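Read the figures in this text as sums done on the coordinates, not as results from a lab. Just so you know, these numbers come straight off a predicted model, no measurement behind them. Methodologically, a virtual Cβ is constructed for each residue, glycine included, from the backbone with ideal geometry; neighbour enumeration extends over all protein chains shown.
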Amino acid sequence: MRDARGQVQAQGKDDPSPMTWNGPMAVLVNRGTASASEIFSAAIQDYGRGLVIGTPTFGKGTVQTLIDLNRFAADPSSKPNYGALKMTVQEFFRINGGSTQLKGVTPDILYPTNGDEKEFGESTYDNALPWTQIPPADYKPVADMKAYLPQLEQMHEARDAKSLAWQLMLDEIAQYKKLADRTAISLNYGQRQTERKQLDAIQAEFRARHKAIDGSDSAEADEESQLDDGLNPNERSLKTELKEQEDAKKAPDPQLQETAHILFDAIGLIQVNPKLAAEVLPYGGKESANTVAAVTGSASSALPTAPGMPNTAVAPTQEAIKDSIPAAAGSAGAH
């Protein structure tokens, strides 16, 4: 941490505790990953403790405090209501000396963005502090994820090229960006009707593809929910909006599923290559051999074998993930 006077103070334990989990790990992040969860993700990346996967994070590298302005009143007994002043008082830095301010954390394996970085994140604020850095801390990475990143990225790209769910996600992102990039809207009624019918047709196609992929109706349009209905949010049915939010939570998440696939790709590579395991597992894999064996043993019965790679777990079920890898998920969307 660095305060307003420029004084730097290291945070954390001088004598670290033993690892709670010493097996393979992945942290899924996105633009909503901010502040404390960025510190966590950055620490995982800097120490080489696991894979960081997803989209660049929010970019909040500062600490704020609230100052009660009522205490400056000439007559506090008059019960003033001056409000509070929010002030930035500290910056926090990664152990490598860099800040998460503005830049956030860049994942080891990048997922496609939907363009929200233009409107959401620290870099969108007019008065955001600039990125800066300090000398790095005295630390030593416990492993090196770069040793198998090229292989994992190749397997990830090959799988997603054939994934209907992933291709649907890309098409939805492209449609979202197309609508977000519009700078003009026609006031001609006939043209607006034509555009609306086109959008309705596109959304209907997306819903049909969702249903064909996962068999659910979570993407089905509610009868009361219409595109461009001319209503303000407070004029729509609250019941309908709550149902839509609940359905969205139940819908399969292709990015979460792909992250699980990547993690099991990593387990498979480690399992068949002891030399690689010594590079990517903590402390050369000396503490992790039993953990990897336990993970693959408990989950492999639910996983198909990758072509040309015996005993490699590559397609986990949700049950296998929950039961066998407590540290597989990360801080996406956390604040």
So for region 1-51, taking the charge dipole from beta-carbon charges (+1 Lys/Arg, -1 Asp/Glu), which of 18, 48, 35 sits furthest toward the positive end?
35
Net dipole in debye of region 114-199 [+1 Lys, Arg Cβ; -1 Asp, Glu Cβ; about Cα centre; nearest 20]
480
Difference of contour (0.36 nm per residue) and Cα-Cα distance, residue 78 to residue 118:
9.9 nm
Kirkwood hydrodynamic radius over Cα pairs of region 1-158, then Stokes diffusion coefficient at 10 °C and 1.306 mPa s, in µm²/s:
88
What ³J(HN,Hα) values, in whole Hz, does the Karplus curve 6.51 cos²θ - 1.76 cosθ + 1.60 give for region 81-96 when θ = phi - 60°, with x put for Gly and Pro?
9, 7, x, 9, 10, 8, 10, 7, 10, 8, 10, 10, 10, 6, 5, 7
Give the total of Lys-Lys pairs in region 1-142 with Cα-Cα distances below 30 Å; include a pair only if its members are 8 or more places apart or on different chains.
12
